Every structure is written in structure tokens, then in C-alpha cells.
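These notes concern the structure reproduced below.
The values are calculated or read from the model by the stated rules, or taken from the named source; none is laboratory data. Just so you know, these numbers come straight off a predicted model, no measurement behind them. Reconstructed Cβ throughout: ideal geometry from the backbone, glycine too, with neighbour counts over all protein chains shown.
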Amino acid sequence: MGSRLEAVGEAKRADIRLLDQILGLGAVARQVDGEVVERVEMLEGLLPELVHTSVLTRAIQTAHLALESADLLWLPVRRSWRLNERHYGALEGLNKSQTSARYGEAKVKVWRRSYDVRPPDLELSDERHPLHDRRYATLPPEVLPRAECLKDVVERMLPYWYDAIVPDLLRYSCVLVAAHGNSLRALVKHLDGLSEQQVVDLDIPTGVPRVYELGPDFKPVAWRYLGDPAEIEQRAAAVRAQAGPEHLSS
């Protein structure tokens, strides 16, 4: 049996959905809740049977909104920190202008748009460190990030793909994964076999379902975005212009 994946990008939203198909809806801010409903209505009858999401508020709310609009709030939900957004270390909570003023625009650009260069680490005593967040109380301290580059996100996401999502694709005909811009890019890198530079240059448009047809080996047979091409390009351009680091712990 073939499989399908759908992903929706993040700016304020990002997600993926995996089916015998995969379906995605991105993490959204509350002020654009209506857009989630609009996107769900354009999913062409692809109804998830199970949901995967991160442990961050935006993705959890997005999954809830999507399920509510489809009258599917009763579906089981699995949450994992491995689907979290990238942790920007010492840049957490700062906007683009603040980080540029503190570290210089050149360094900020490298941190945001490189594959394997991390921003400065958080000190363990810093309240922004995941060590001080109850969501991660049961995790070994050594797995909690002090700062991440995109390469780190790929490496922490892939075990969840193999150990959790793939088994569910074998059991269910459709799975929804609500995640974030960088964790989605990590998954797309794996599925599409992108190079490091290709995934760095990839901008997943905000709130646009990306649908994959997956073969028996869980490799893509084909993929497409759902929606108007002009609007999709506008959303991708908005992602390119984003600041990035602020509010990533929410």
C-alpha cells in the first residue's frame, strides 16, 4: 500500500501529516485561527486517524484547531520533544533586531541560515534552558539542547520518524503531524534526500499543506502543495523574511 505525507510550513505555523498518507498543518498563532479551519477544509477529504505533535504550545494548539474544525477531537495524540522547533540557545526570546544589535547582522545571518553552525549555548543556570522546564522533567539532562543548528534538529527528529511515525503509518491510513518550520525542514530533507545546502535554502510556506505520496519503502513517489500557487509563493517569501529566534519556547 502506498503512503502519503502532507506538510504545512511554519512562520507562525508548520506541520505535516502522514498517511498511509501523511498530512500536515502548521503551528499557528491564535490571531490567525481562522486560517487553520480554511486549510483543513482544503485537505480534499484526507482525514487523519492519529496525531503527532511537539510539546510546544503553537503546534499543540494548531493540532487542536485542525481536529476541532474537522470534528475529530476524539483522535489519539502523541507528543514528543523530538518534533520541537529548533532551540536557538542564547538567542531564545530575542527578535532579529535585538540579536543583530548584540551579535552583529553577519553572525545572526550565519546562525539562522547555515546547516551546522550553532548560536551561543545557554548556561545551565539560565532559566531559558530546557532543564528548567517541566515539559522535559523526565528526560535525561544530557539530551536537552543548550543550542541547536539545523543539523542537530535533523539528528534528533529522525529517531522519532523511524520509531514512532513509520510504525503508525503501517497501522493507520492517515496520520497528522503538527510540528514547526525547522523540524519540518528536517523531515523533508530526509524524505526528499536533500543536500545540506538544499535544506538550508528550503522555505516551507506558512500554513500550506504539503502532500506526499509515499511508496512501500516510505520514500516519496510524488508530492504537491494544496492551494493557490501565487499565495504559496507569498507565504514562502514571508518565511524567508522572518526573524526566527523569538518565542521558540512557546
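Laid out as a table, the results:
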item: Subset tally (residues that are modelled with pLDDT of 90 or more, more than 16 Å from Phe218 (Cα to Cα) and among the small types (Gly, Ala, Ser)) for the stretch 177-195; result: 2
item: Search result, residues across the stretch 209-228 that are surrounded by 13 or more Cβ atoms within 10 Å (Cβ to Cβ) and over 18 Å from Cys174 (Cα atoms); result: Gly227
item: Selection from the stretch 229-239 of residues that are surrounded by 11 or more Cβ atoms within 10 Å (Cβ to Cβ) and not aliphatic (A, V, I, L, M); result: Glu231, Glu233, Gln234, Arg235
item: Neighbours by Cβ (under 7 Å, 6+ apart or cross-chain): first from the stretch 80-97, on the phi > 0 side of the Ramachandran plot; second part of a loop (DSSP other than H, G, I, E, B) and not small (Gly, Ala, Ser); result: Gly89/Arg118; Gly89/Pro119; Gly89/Pro120; Gly89/Asp121; Gly89/Leu122; Gly89/Arg146; Gly93/Arg128; Gly93/Glu246
item: Complete set of residues in the stretch 80-117 that are buried (at least 20 other Cβ atoms within 10 Å of the Cβ) and of a type in the set (Lys, Arg); result: Arg82, Arg86, Arg112
item: Candidate set: the stretch 113-164, residues that are of a type in the set (Ser, Thr, Tyr) and under 19 Å from the mean Cα position of the chain (by Cα); chosen: the one farthest from Arg185 (Cα to Cα); result: Tyr136
item: Filter result (among the basic types (Lys, Arg) and surrounded by fewer than 17 Cβ atoms within 10 Å (Cβ to Cβ)) within the stretch 155-183; result: Arg171
item: Selection status of Arg224, modelled with pLDDT under 95, among the basic types (Lys, Arg) and either over 20 Å from Ser54 (Cβ atoms) or not in a loop (DSSP other than H, G, I, E, B) (or both); result: yes
